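In what follows, a structure is listed as structure tokens, so that the remarks can point back to it.
The values are calculated or read from the model by the stated rules, or taken from the named source; none is laboratory data. This one's a predicted model, so the numbers in the text were calculated from it and none came from an experiment. Because the Cβ atoms are built from the backbone with ideal geometry, glycine has one as well, and the counts that use them run over all protein chains shown. The accessibility values were calculated without ligands, DNA or RNA, using every heavy atom of the protein model including side chains. Shrake-Rupley method; radii C 1.70, N 1.55, O 1.52, S 1.80 Å.
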Amino acid sequence: MTDDPAVRVERDGAVAVLTLQRPARYNALTLELKTALLAALGKLATADGVRALVLTGAGKAFCVGQDLGEHAEALRRDPATAFDTVAEHYNPIVRGLTDLPFPVVAAINGPCVGAGLGFALACDLRVAAAGASFSTAFTGIGLTADSGLSASLAHAVGVSRALELLLLGEGFTAEDAQAWGLVRTVVPADEVLGAALELAGRLAAGPTRAYAEVRKAVRYGATAHLDDVLAAEALAQARLAATADHVNAVEAFAEKRRPTFEGR
């Protein structure tokens, strides 16, 4: 679909694969890479026939967060504007991932650090390579979290462990991440993309309209009042009640056959 110097977007049937393309620097986030990633997510949101996405990195890393060399230059130029990228790029990228109308699977093929971890946690499901390393890293350079990690990490592992990981900045392994519920499975490094594609393919064959409502509901329900959650769920069910996927699935159940979902 796209062959950009900074990102690559390919299709595998109904699954799109978005790859960060800066392997020599472990996919550290430059302005070029952030801009290209944001643009690619915008195009994917309306891409015809895409029903799931795999996000991964080229080479040996998933993403090690902000390119600190570029950040140092921005600080030297003007400290007052050096962090504009949070509002202009990081926040919209996270929203771009969470607001897609289909599920997103992260194929974490190697180091996943800082904003890279934030992007991974903005995905719905994660598959990690054995040997992949993780870290929040922010306090190591005198910063707090961005890319939604303050919320997504706490929701994933609980407030106590999130504080530990953010305050101490200590690295953790793929096996730790699996034990804490951050990743669904850990596989050999040469199998991580295949495992993510298999999972994304399974999701792409499912009721993507319902998946979109589930993604929205879970993120809303993590912070909203119960009465508001119940009201939002009722509205979502009403929207889904008239979809062809729901009607056909109920008929299939009554006829004791496997339903086919078309995302409509």
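Can you tell me which of SER135, SER152, SER160 moves the most in a GNM of the chain? Springs connect C-alpha atoms under 10 Å apart.
Evaluated over the chain, the most mobile residue of the options is SER160.
From the phi angles alone, apply the Karplus equation (6.51, -1.76, 1.60; θ = phi - 60°) to the stretch 171-182 and give each ³J(HN,Hα) in whole Hz, x where the residue is Gly or Pro.
Values per residue, Gly and Pro as x: x, 9, 9, 4, 5, 4, 4, 5, 4, 8, x, 6 Hz.
With a/c under 1.5 counting as rounded, go ahead and sort the stretch 191-233 into rounded, prolate or oblate using the C-alpha gyration tensor (a ≥ b ≥ c being the square roots of the eigenvalues; past the cut-off, prolate if a/b is larger than b/c, else oblate).
oblate
Separation between the GLU32 and ASP227 pseudo-spin-labels, each 7 Å from Cα along Cα→Cβ, expressed in nm?
Each label point lies 7 Å from its Cα, and together they span 5.4 nm.
Any chance you could run the full-extension gain for LYS60 through VAL247? It's 0.36 nm times the residue separation minus the Cα-Cα distance, nm to one decimal. Before the final figure, lay out the partial values.
Details: separation 187, 0.36 × 187 = 67.32 nm, distance 4.49 nm.
Additional length available on full extension: 62.8 nm.
Using a 1.4 angstrom probe on heavy atoms only, work out the carbon and sulfur share of the accessible area of the chain in %.
Roughly 57 percent of what the probe reaches on the chain is carbon or sulfur.
Report the label-to-label distance for ALA80 and THR173 in nanometres (one decimal), using points 7 Å from each Cα along the Cα→Cβ vector.
4.9 nm
Using a 10 angstrom cutoff on alpha carbons, build the Gaussian network for the chain and name the most mobile of VAL250, VAL183, VAL54.
Highest fluctuation of the listed residues: VAL250.
Leaving out ligands and nucleic acids, and using a 1.4 Å probe, what accessible area per residue does the chain come to in Å²? It would help to have the intermediate numbers written out before the result.
Working: 13070 Å² over 264 residues.
About 50 Å² of surface per residue is accessible.
Given the C-alpha centroids of the stretch 202-221 and the stretch 132-165, what is the distance between them in whole angstrom?
Centre-to-centre distance over Cα atoms comes out at 25 Å.
Test of the criteria: in the stretch 222-258, which trypsin sites (Lys or Arg not before Pro) are in a DSSP loop and have at most 15 other Cβ atoms within 10 angstrom of their Cβ?
Taking the stretch 222-258 and a limit of 15 other Cβ atoms within 10 Å, the loop trypsin sites (Lys or Arg not before Pro) found are LYS256, ARG257.
By its C-alpha gyration tensor, with a ≥ b ≥ c as the square roots of the eigenvalues, how is the stretch 85-144 shaped: rounded for a/c under 1.5, else prolate for a/b larger than b/c, else oblate?
Judged from the Cα gyration tensor, the stretch 85-144 comes out oblate (a/c at least 1.5, b/c at or above a/b).
How large is ³J(HN,Hα), in whole Hz, for each residue of the stretch 223-228 in order, when computed from phi with the Karplus curve 6.51 cos²θ - 1.76 cosθ + 1.60 and θ = phi - 60°, using x for Gly and Pro?
10, 7, 5, 4, 4, 5
Label the stretch 108-264 by shape, choosing from rounded, prolate and oblate, from the square roots a ≥ b ≥ c of the eigenvalues of the Cα gyration tensor; if a/c is under 1.5 it is rounded, and otherwise prolate applies when a/b is larger than b/c, oblate when it is not.
Values: a/c = 3.20, a/b = 1.59, b/c = 2.02.
It is oblate, given that a/c is not under 1.5 and a/b is not larger than b/c.
Distance in nm between label sites at GLU88 and ASP48, each 7 Å beyond Cα in the beta-carbon direction?
Going from the GLU88 label point to the ASP48 one covers 3.5 nm.
Ordering THR85, THR46 by how much accessible area each has at a 1.4 Å probe, largest first, what is the list?
On the way: THR85 25, THR46 115 Å².
The ordering from most to least exposed comes out as THR46, THR85.
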